[in-house]
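The values are calculated or read from the model by the stated rules, or taken from the named source; none is laboratory data. Only a predicted model underlies this, so the values are computations on that prediction, with no experimental measurement involved. Positions of Cβ are generated from backbone atoms using ideal geometry, with glycine treated the same way; all protein chains shown enter the neighbour counts.
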């Protein structure tokens with residue numbers, strides 16, 4: 001039986017949201033109570049998109065700029081995120097994770113990976129091999145898609161302009 005691209009797409013649309021729901025649930029259960037779900041999602045976004053702008057975070061979380069700004073204020077106050085002003089254009093502020101933010105993000109990724117490994121251990125080795133090959137194939141197909149931010153921004157300039 002030949003699997004059509006449409007059938008494959010439908011299978012992905014069925015499984016990917018289910019997996020993401022489970023992963024989000026596991027991450028939430030392992031994140032600290034001082035973070036809201038939206039703050040944790042912003043933390044994860046910044047972990048994947050260092051030097052993102054506030055508008056990028058707002059778009060990702062489907063928030064207004066003022067709401068995203070307040071959310072980021074909470075991450076900055078908690079010591080998980082920082083703001084870096086571009087010396088060439090002081091209107092541009094890049095958002096970054098602090099060392100504590102990177103640790104928090106890394107811990108959440110590890111908890112998710114550990115949980116997924118536990119679930120994958122329920123499968124036969126041959127099934128795990130097929131899944132690993134399929135993931136490599138999917139990565140190759142989607143790797144050239146745009147990132148979560150509108151464009152790839154260089155890090156903010158930090159050098160003094162004086163010669």
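For segment 89-109, the set of residues classified as in a loop (DSSP other than H, G, I, E, B) and farther than 19 Å from residue 52 by Cβ is empty.
Let's see how each residue does on (1) in a loop (DSSP other than H, G, I, E, B); (2) modelled with pLDDT of 95 or more; (3) under 15 Å from the mean Cα position of the chain (by Cα):
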{"position": "111", "(1), (2), (3)": "no, no, yes"}
{"position": "130", "(1), (2), (3)": "no, yes, no"}
{"position": "138", "(1), (2), (3)": "no, no, no"}
{"position": "146", "(1), (2), (3)": "yes, no, yes"}
{"position": "149", "(1), (2), (3)": "yes, no, yes"}
{"position": "157", "(1), (2), (3)": "yes, no, no"}
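For segment 75-87, the set of residues classified as more than 15 Å from residue 103 (Cα to Cα) and crowded, with 17+ Cβ neighbours inside 10 Å consists of 86 only. Helices (runs of 4 or more DSSP H) fully within segment 20-79 that include at least 3 residues being more than 13 Å from residue 95 (Cβ to Cβ) and out of contact with any strand residue (DSSP E or B) (no Cβ under 9 Å at 6 or more places or on another chain): 37-48, 65-77. You will find that of 16, 57, 3, 93, the residue that is closer than 30 Å to residue 131 by Cβ and in contact with a helix residue (DSSP H, G or I) (Cβ under 9 Å, 6 or more places away or on another chain) is 3 and no other.
Considering only segment 1-33, how many residues are at pLDDT below 75 and either exposed (fewer than 10 other Cβ atoms within 10 Å of the Cβ) or farther than 29 Å from residue 69 by Cβ (or both)?
Just the residues of segment 1-33 that are at pLDDT below 75, to begin with: 27-33.
Subset that is either exposed (fewer than 10 other Cβ atoms within 10 Å of the Cβ) or farther than 29 Å from residue 69 by Cβ (or both): 29, 33.
The qualifying residues number 2.
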